[in-house]
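**Q** This is the structure I want to talk about, given as structure tokens.
The values are calculated or read from the model by the stated rules, or taken from the named source; none is laboratory data. None of the values given here were measured: they were computed from a predicted structure. Here the Cβ is made from the backbone with ideal geometry for all residues, glycine too, and neighbour counts use every protein chain on show.
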Amino acid sequence: MHSVARRRALALYFDVFCGAKLLEGNSKNLYATEAAASSTSGRWLGVDWGTKHIGFALSDETGVSVRLLPHLERTSWKKTVKLIADLCAQHSVRGIVLGFPLRLDGTEGTATQEVRRIARNLALTLNTKVYLQDERFTSSEAEEILRAAKINDSEINRHIHSQAAVIILQNFLLDITYSELVKEYY
């Protein structure tokens, strides 16, 4: 069982020591400091893009708290983008934080390439900034949280992606709060 503090410490270690590796060879990647990332007001939309479901989380305007939103069954790109655009407009979202599925050793695989493509397409289609946040251990932590809340297995399967999106967004907000480098893509 990974504690939140231990997982965040591991994530911070990999961000600091593997972060530069993530950015090599891609001239579209930019660094943004805390000031650049938090210079405008608005909410952040956290997204956990699964193979069957997409989980969502939303921050408050100050970036202090995060709440779970209902998940979405994956359908066509057009329907998915419309829903995300509606969420962004309805909640005055200033940026999207997309879970980035790195391998445990910090390297990228086929899933990360797919998420990069999704991030680029979302940014171009919605004309908004999309940030990639390390999502290692978020699914297991989300399941742990849901089990601790005495939620049954079928409900866990329905809520796990949105709970993971909450964790992804919380980690992103912690990163910018503590002046860590934020990885801005596309």
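**Q** For the stretch 67-86, give me each residue that is among the small types (Gly, Ala, Ser) and either under 17 Å from Thr138 (Cα atoms) or crowded, with 16+ Cβ neighbours inside 10 Å (or both).
**A** Hit for the stretch 67-86 is Ala85, nothing else.
**Q** Follow-up. Going by the conditions given, is Val64 β-branched (Val, Ile, Thr), surrounded by fewer than 17 Cβ atoms within 10 Å (Cβ to Cβ) and modelled with pLDDT under 55? Lay out the reasoning, then the answer.
**A** Values: β-branched (Val, Ile, Thr): yes; surrounded by fewer than 17 Cβ atoms within 10 Å (Cβ to Cβ): yes; modelled with pLDDT under 55: no.
For Val64, the condition - β-branched (Val, Ile, Thr), surrounded by fewer than 17 Cβ atoms within 10 Å (Cβ to Cβ) and modelled with pLDDT under 55 - is not met.
**Q** Give me a count of the residues in the stretch 147-170 that are out of contact with any His (no Cβ under 9 Å at 6 or more places or on another chain), of a type outside the set (Val, Ile, Thr) and surrounded by fewer than 24 Cβ atoms within 10 Å (Cβ to Cβ). Steps first, please.
**A** At the first step, the residues of the stretch 147-170 found to be out of contact with any His (no Cβ under 9 Å at 6 or more places or on another chain) are 147-150, 152-156, 163-164, 166-170.
Add one more test, that the residue is of a type outside the set (Val, Ile, Thr), and what stays is 147-150, 152-155, 163-164, 169-170.
Keeping just the survivors that are surrounded by fewer than 24 Cβ atoms within 10 Å (Cβ to Cβ) gives 147-150, 152-155, 170.
The qualifying residues number 9.
**Q** Okay, next question. Examine the stretch 69-76 for a residue that is within 18 Å of Ile168 (Cβ to Cβ), touching a strand residue (DSSP E or B) at 6+ places or on another chain (Cβ under 7 Å) and modelled with pLDDT under 50, and state whether such a residue exists.
**A** Looking for residues that are within 18 Å of Ile168 (Cβ to Cβ), touching a strand residue (DSSP E or B) at 6+ places or on another chain (Cβ under 7 Å) and modelled with pLDDT under 50, one finds none in the stretch 69-76, hence no.
**Q** State all residues of the stretch 80-101 that are in contact with a strand residue (DSSP E or B) (Cβ under 9 Å, 6 or more places away or on another chain) and free of Cβ contacts under 8 Å to residues at least 24 places away in the same chain; if no residue qualifies, say none. Please lay out each step first, then the result.
**A** From the stretch 80-101, those in contact with a strand residue (DSSP E or B) (Cβ under 9 Å, 6 or more places away or on another chain) are 80, 83-84, 87-88, 91-101; that's our starting set.
The one that is in contact with a strand residue (DSSP E or B) (Cβ under 9 Å, 6 or more places away or on another chain) and free of Cβ contacts under 8 Å to residues at least 24 places away in the same chain: Leu83.
**Q** Also: Please go through the stretch 171-186 and give me each residue that is at pLDDT below 90, crowded, with 16+ Cβ neighbours inside 10 Å and either not in a helix (DSSP H, G or I) or not charged (D, E, K, R) (or both), ordered by number.
**A** Passing the criteria: Ile176, Glu180, Leu181, Val182, Lys183, Glu184, Tyr185, Tyr186.
**Q** What pairs come up if the first residue lies in the stretch 52-63 and is on the phi > 0 side of the Ramachandran plot, the second is assigned to a strand (DSSP E or B), and their beta carbons are under 7 Å apart, counting only those six or more places apart or on different chains?
**A** From residues that are on the phi > 0 side of the Ramachandran plot, the pairs are Gly63/Trp44.
**Q** Next question, about the same structure. Test Val66 against the stated conditions and say whether it is touching a residue at least 40 places away in the same chain (Cβ under 8 Å), of a type in the set (A, V, I, L, M, F, W, C) and within 24 Å of Ile156 (Cα to Cα).
**A** Spelling it out, Val66 is indeed touching a residue at least 40 places away in the same chain (Cβ under 8 Å), of a type in the set (A, V, I, L, M, F, W, C) and within 24 Å of Ile156 (Cα to Cα).
**Q** Select from the stretch 119-146 the residues that are out of contact with any helix residue (DSSP H, G or I) (no Cβ under 7 Å at 6 or more places or on another chain) and surrounded by fewer than 17 Cβ atoms within 10 Å (Cβ to Cβ) and write down the one among them that is nearest to Asn171 (Cα to Cα).
**A** Ser140
**Q** Could you list, in sequence order, all residues of the stretch 89-133 that are more than 17 Å from Gly42 (Cα to Cα) and assigned to a loop (DSSP other than H, G, I, E, B)?
**A** The answer is Pro101, Leu102, Arg103, Leu104, Asp105, Gly106, Thr107, Glu108, Gly109.
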